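Worksheet for the structure shown next.
What follows draws every value from the coordinates through simple rules; no lab data is involved. Everything numeric here is computed off the predicted structure, so don't read it as measured data. No Cβ is skipped: glycine too gets one built from the backbone with ideal geometry, and neighbour counts run over all protein chains shown.
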Amino acid sequence: METINPSYYPASRAAGVAENYINYKLGSPHRLFQVKQVTEAIKESIPGVGNKYYLSFVVADFLNEQPDIKCTAEVLYYLREQNKAPNVSFTLESEIGNYVQDKDIAFYKKMKNISQPLDAQDIPDKFGNVSPEMEPVLHLALVACGHVKWQHSTEDTYYRMSIIKSVKQLKREDNNLEFHYIMQIHEMVTQEIITWEINILWDPTQGLKIEKEVILPKSNQ
């Protein structure tokens, strides 16, 4: 076991992976979590397996005025040759409640009953603006992006979503909303911009399900 400075990159990157996983599991069109401060970090090197980080940090829902939540998490990066997503587990020290439920249901009903399925491009626009009606669509993309970033993270990567190039709603007869996203994700270490095609299903009772996630060839980006 090795105690590491919680402000160093290895700790903040591992906490970022935990943040991505938390948003994938608990995020919604009206709730997104962000790590505010890593307070403790311990690294364990496991021979033949990989490096495991034990973290303590504070998260906040940056879309809503809610109390900060203390969290502990474990992030295991497997050896590269195993080609596996990091194993993440987390524990929140307090309940988060259902304070966005009404907003999520209202958004769900609006999109279910929309006469013309959503078809939009470039969110945010070139000036960084997002219209109020597109904010839940962007936030849902960030939740989906949390899954992609978690699945493809290593100790040497740090991802941020750059822009939604396009989003199309696909009408369904079941209870799900379905969105087809083309989004660009910025790998901050290499400065590479990666374009992803991501299909998701969502409803406010079952949460998010990733139907498809693939990197588009550079010729298509």
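Some observations on this one:
- Net charge of neighbours whose Cβ lies under 10 Å from the Cβ of Gly146, counting Lys and Arg as +1 and Asp and Glu as -1: +1
- All aspartates and glutamates inside 14 Å of Lys112 as judged from Cα atoms, apart from same-chain residues fewer than 8 positions distant: Asp104, Glu173, Asp174, Glu178, Asp203
- As a proxy for reagent exposure, Ser12, Ser153, Ser166 were ordered by neighbouring Cβ count within 10 angstrom, fewest first; the result is Ser166, Ser12, Ser153.
- Angle of helix 101-112 to the longest C-alpha principal axis of the chain, folded into 0 to 90 degrees and rounded to 10: 50°.
- Given +1 at the Cβ of Lys and Arg, -1 at the Cβ of Asp and Glu and no other charges, the dipole of the chain around its Cα centre is 340 debye to the nearest 20.
- Across the stretch 46-58, computed HN-Hα scalar couplings (Karplus, 6.51 cos²θ - 1.76 cosθ + 1.60, θ = phi - 60°) run 10, x, x, 10, x, 10, 10, 10, 10, 10, 10, 7, 10 Hz from first to last residue, x flagging Gly and Pro.
- Centre-to-centre, using Cα atoms only, the stretch 143-176 and the stretch 32-109 are separated by 17 Å.
- Under 5 Å from the amide H of Ser162 lie the amide H atoms of Gln184, Ile185, His186, each residue being 5 or more positions distant or on a separate chain, with H modelled from the backbone and absent for Pro and chain starts.
- Those GluC sites (Glu not before Pro) in the stretch 151-217 that DSSP places in a loop and that have at most 15 other beta carbons within 10 Å: Glu173
- Beyond 28 Å in Cα-Cα separation lie the following of the pairs Lys84/Lys110; Lys36/Lys212; Lys103/Lys168; Lys70/Lys165; Lys43/Lys149; Lys109/Lys209: Lys84/Lys110; Lys36/Lys212; Lys70/Lys165.
- The angle between the Cα long axis of helix 135-152 and the main principal axis of the chain comes to about 40°, on a 0 to 90 degree scale.
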